[in-house]
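To start, the structure under review is shown below, and the notes come after it.
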Amino acid sequence: MNRMGLRMGVSLPEDLLRNILERLPTKSLMRFKSIDRSWNALLKTNSFVSRQSQRQRLKQSDERFMIFHTCSFCTWITLVSRDDPNLLHLPDAQYPFPSCHQEHLVVWGHCNGIFCLTTHFPVPGVSSVPFEFPTPTTKTTVMWNPATREVKVVPPSPHRLTNKSSVCLCRCDSGFGADPNTFDDFKFINFKVEFPHNNDTLLVVSAELYSSSTNTWTIMHDVDVNAFINPGPPIDVYGFTNSIFANGVYYWLSFDCTFILCFDFRHNQFRKLDAPAVVPTLPGKFIESHDSIAYAVNHPSANRIQIWILKQDDCSWIKLCNIEPIELNYNSKVGIYSIWKDGAEFIGTSDGAKLVSYNSHAQPLIKFENSPQVYFRCIHKYVESIATLSVSLAS
């Protein structure tokens, strides 16, 4: 049996030490990395990171969410839990970008404790940050671990246009994810469309896939053109209307709302999925739900919200519930942003209002204080992880 050393001559069997360390929170593990070389090596293995994250998820009886609040050109990041009505504001020093309050962020998703974000404005203070940014441009994409504060910049794709005379929309939409059973390769997918000047003929519809473990881009060509192209004439590029990541798969709702384009990060493959039957007739959006996705449909006539859940076993949709009309003091619709407590409660709000937790009868349970009254929010479930972005993990 292997034994791992400690200071003062004390040693423990490796399996016992592993069992102890797996139960510790991420912040403690980050401090312990410098105690012993063997500990540091253990904490970087994919098997340890996976088991530690799973334990954190199981013992975390109180679900937590990371919320990105956006208003004009400012973004605030907060944490919220079910049993605390006060939102915890993330300190400026922990933001993934310098002067993040001045940046407009797009959140492409999260996986295994890692978030993927893009800013569409110049990044100030590049030379002063502890990680190396490329030359500041109007768009920078990073992968970010809030628990360890590690940030990895996604480099620009080296691939160029197939035809110099063509017009290229370098990003109609993007996505982020990974195989949920591994913590050593996080991926960013970017759609690309090319068509010639003054011509309605489409040249290329492809996707570029970035891998954090190899730090390389790969071109993929098996993308359904109808997912985000208006066949015209004239041909126009609209992009997807809605997207989300869950359980190793990224989902994009097609422009015409008739189907969902899926990308499985386990096998790096595309497939198609039928959209809920109600999608083309009523507006709604994807939200997270128990390692799957849900579709929240707003009934404009009565502020009634219908929740549909995707069954992972047969990829069919079932209706979870109808939320009764939610009355407000002014004429504004309430939108559902996330589901928690096994589908018994929902986080919702309207534009410019504070976040509120409701039950399925539309009764308000918690009004979250210190909530910025902004006009756009992105809410993601959050479980801390010690997954690293700097090197590939050992097995």
Next on the checklist: If I ask for residues that are in contact with a Leu (Cβ under 7 Å, 6 or more places away or on another chain) and either within 19 Å of Ile189 (Cβ to Cβ) or part of a strand (DSSP E or B) (or both), which ones from segment 253-285 would you list?
Outcome noted: Ser254, Phe259, Ile260, Cys262, Asn268, Phe270, Lys272
Checklist entry - Is one or more of the residues making up segment 121-129 surrounded by 12 or more Cβ atoms within 10 Å (Cβ to Cβ) and at pLDDT 65 or above? => result no
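Residue-by-condition table, conditions (1) at pLDDT below 65; (2) of a type in the set (A, V, I, L, M, F, W, C):
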| site | (1), (2) |
| --- | --- |
| Ala93 | no, yes |
| Val142 | no, yes |
| Pro146 | no, no |
| Arg160 | no, no |
| Ser165 | yes, no |
| Val204 | yes, yes |
Checklist entry - Which of the residues spanning segment 219-252 are modelled with pLDDT under 70 and outside any loop (DSSP other than H, G, I, E, B)? => result Val225, Asn226, Ala227, Ile229, Asn230, Asp236, Val237
Next on the checklist: For the list (1) within 20 Å of Tyr337 (Cα to Cα); (2) surrounded by fewer than 19 Cβ atoms within 10 Å (Cβ to Cβ); (3) under 21 Å from the mean Cα position of the chain (by Cα); (4) among the charged types (D, E, K, R), I need the number of the one condition that Lys319 fails.
Outcome noted: (3)
Checklist entry - Could you list, in sequence order, the residues of segment 79-96 that are touching a residue at least 24 places away in the same chain (Cβ under 8 Å) and assigned to a strand (DSSP E or B)? => result Leu79, Val80, Pro85, Asn86, Leu87, His89
Checklist outcome for this item: Exception for Met4 within (1) modelled with pLDDT of 75 or more; (2) surrounded by 16 or more Cβ atoms within 10 Å (Cβ to Cβ) falls at (1)
Checklist outcome for this item: Matching residues in segment 181-202 (at pLDDT 85 or above and in a loop (DSSP other than H, G, I, E, B)) number 2
Checklist entry - Residues that are at pLDDT 70 or above, of a type in the set (Ser, Thr, Tyr) and surrounded by 14 or more Cβ atoms within 10 Å (Cβ to Cβ): which strands (runs of 3 or more DSSP E) entirely in segment 323-364 hold 2 or more of them? => result 335-340, 356-359
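The values are calculated or read from the model by the stated rules, or taken from the named source; none is laboratory data. The structure displayed is predicted, hence computed values, not measured ones. Note: ideal-geometry Cβ built from the backbone for every residue, glycine included; neighbour counts use all protein chains shown.
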